[in-house]
Amino acid sequence: MAVVASSDSAASSQAEISAEIAAIAKEYERDGRLETQARLDYPPYRSSILRHPTKDLHHADPETIELAAPVFGPQDVDPLEADLTIGHAGEPIGERMVITGRVLDADGRPVAGQLVEIWQANAAGRYIHQRDQHHAPIDPHFTGAGRCLTAPDGSYRFMTIKPGPYPWRNHGNAWRPAHVHFSVFGTAFTQRLVTQMYFPGDPLFDLDPIYQSIVDPRARERLVATYDHDLTAPERHTGYRWDIVLNGRSSTPFEPQESS
């Protein structure tokens, strides 16, 4: 769920935000440097200035942190947790879909045993969260969170409902493209990486400053899943495929680890 911007930020219009996005894109094209990750401070994303440190970070001993950090193992993650459509008294509302893919390293090798977590809005674009006051219905049969461990071939698979877009107060009449949040753990809590997966052909891509904060077009496209008809089941669900690359020049864009 996006952070709500201040009332002054919300006074900006979509036209103003779009003009700023276009100006930054032109500057990036002229500069010629390659940026594959989201910018930490991206002015069209108004609250980004409040979401990262402005002072030097303090070094910490990772081993000391891990003494108090959560741990998990295969016995802690039930395969049923990867199905977000079950666990309630009734069926959730919306387009049922499968999301699957592989977690890979820079050389294309599978990364097994990784904890992959997802969370998302429901089909109406509403999160089950006390701070989400969007005027859309809560689905009592959809919590919107799941997790699984990657298989030996690096694969993950979730059954869920396609989320809807939702408004946020970055600027006047701002809407987020439909997306699913992903979290990938390494072997320790401090190695956690967080990103978002989007759906192909969304008309809100060009208007969204969070998506556009990844200024390289090809890097942005790595956040967009591919519709795969072979994953569909007749009269049951559609299917999307999306690989996560942890490092290297073709890595998936992740949220800056320095942000809150």
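The values are calculated or read from the model by the stated rules, or taken from the named source; none is laboratory data. This is a predicted model, so every value here is computed, not measured. Positions of Cβ are generated from backbone atoms using ideal geometry, with glycine treated the same way; all protein chains shown enter the neighbour counts. Ligands, DNA and RNA are stripped out before the accessible areas are found, and what is left, the full protein with its side chains, is counted by its heavy atoms. Shrake-Rupley method; radii C 1.70, N 1.55, O 1.52, S 1.80 Å.
Cα-based values for the chain, radius of gyration first and Dmax second, are 18.8, 56 Å. Over the C-alpha trace of the range 195-249, radius of gyration and Dmax come out as 13.2, 39 angstrom.
For Gly146, neighbours were defined as the other residues whose beta-carbon sits under 12 Å from its Cβ, and their charges (Lys and Arg +1, Asp and Glu -1) total -2. If the Kirkwood radius is taken over C-alpha pairs of the range 52-181, then at 37 °C and 0.692 mPa s the Stokes-Einstein diffusion coefficient equals 190 µm²/s. In order along the range 96-102, the Karplus-derived 3J(HN,Hα) couplings, from 6.51 cos²θ - 1.76 cosθ + 1.60 at θ = phi - 60°, round to 6, 8, 9, 10, 9, x, 10 Hz, and Gly and Pro are given as x. With the simple model of a label 7 Å out from the Cα in the direction of the Cβ, Ile49 to Arg241 spans 4.4 nm. The spread of Cα positions in the range 122-260, taken along each principal axis and listed from longest to shortest, comes to 42, 39, 30 Å.
Ignoring ligands, DNA and RNA, how do Glu91, Glu255, Glu117 rank by accessible area with a 1.4 Å probe, largest first?
In descending accessible area the options line up as Glu91, Glu255, Glu117.
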